[in-house]
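S.K.: Can you read through this structure? Questions will come right after.
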Ligand code: DX5
């Protein structure tokens, strides 16, 4: 089944001194989602922002918003992000002993429930929750920073995640990829089975305007 390709800029690499403008530029460029990289300084070394940023971004755009929780104890954060108005909460399987319960809780709130895992975590860890998630997100870098190189072994993991979803009748559930998505990796990422692409530094950088950066990604997709 060919699923539509969604591009979700991560504001991690945006210019935060003019965030409203940067989000508006992405929206005008035709992106599909806005992705928020929430980091707590524990699960990953950097600290970014909490649910208040999600509330602010909610007021800045009508695009759906994803909160990628790179935090320990996500159970303490999920409610605030849902209240802030995000449309998807993605949790790391490494951060909770109760991924099944947390994903159920997110879904019961009417929000997409995403599960993600670090490059070093076997996909078998998410097997028990594949049938209740609304996206599997493959981390194709070690989380915490933008601008890192795509880990090539991620392509096999993307294929595996696609097969896991198809195997339980969830052919329309996206496989997302986060980390190192750019014009030189995007075609092989989609070819491997991903259709929901987080891109930070490929969209927000000092080389070109956001519109040109998004067009570059779309062109790279078309040219395969
Ligand atoms: C974890 C973050 C980054 C970010 C994407 O580190 O989740 O992966 O969203 O950053 P780029 O697209 O610059 O690799």
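Just so you know, all these numbers are worked out from the coordinates, no wet-lab data involved. These numbers were taken from a predicted model, which means no experiment stands behind them. Counting neighbours? That spans all protein chains shown, and the Cβs are built from the backbone with ideal geometry, glycine included.
S.K.: Can you pull the one-decimal nm distance between simple spin-label points at residue 42 and residue 59, each 7 Å off the Cα toward Cβ?
M.R.: 2.8
S.K.: What does the C-alpha gyration tensor say about the overall shape of segment 99-146? Classify as rounded when a/c is under 1.5, otherwise prolate if a/b is larger than b/c, or oblate.
M.R.: Cα axes put segment 99-146 in the oblate bin.
S.K.: Using a Förster radius of 30 Å, what is the FRET efficiency between residue 191 and residue 94 based on their Cβ-Cβ separation? Nearest 0.05, please.
M.R.: The computed FRET efficiency comes out at 0.60.
S.K.: Among 17, 48, 173, which comes first, then next, by fewest other beta-carbon atoms within 10 Å?
M.R.: The most exposed by this proxy come first: 17, 48, 173.
S.K.: Can I ask one more? Could you give the length gained by full extension between residue 205 and residue 223, i.e. 0.36 nm per residue of separation minus their alpha carbon distance, to one decimal place?
M.R.: Gain in length upon complete extension: 4.2 nm.
S.K.: Order by neighbour count: 150, 49, fewest other Cβ atoms within 10 Å first, most last.
M.R.: 49, 150
S.K.: How do 19, 12 rank when sorted from fewest to most other Cβ atoms within 10 Å of their own Cβ?
M.R.: Sorted ascending by nearby Cβ count, the order is 19, 12.
S.K.: Sticking with this structure for a sec: Give the shape of segment 6-223 as rounded, prolate or oblate, defined through the alpha-carbon gyration tensor: a ≥ b ≥ c are the square roots of its eigenvalues, a/c under 1.5 means rounded, and otherwise the shape is prolate if a/b is larger than b/c and oblate if not.
M.R.: It is oblate, given that a/c is not under 1.5 and a/b is not larger than b/c.
S.K.: Over the chain, what is the mean sequence separation of C-alpha contacts under 8 Å (at least six apart), divided by residue count, expressed as relative contact order in percent?
M.R.: With pairs under 8 Å counted, the relative contact order is 21 percent.
S.K.: Hey, another quick one. Suppose R0 equals 25 Å. What FRET efficiency, 1/(1 + (r/R0)^6) with r the Cβ-Cβ distance, do residue 125 and residue 171 give to the nearest 0.05?
M.R.: 0.65
S.K.: Let me have the 222 nm mean residue ellipticity of the chain computed from DSSP H runs of 4+ only, each contributing -39500 (n - 2.57), with the sum over all residues rounded to the nearest 500.
M.R.: -9500 deg cm²/dmol
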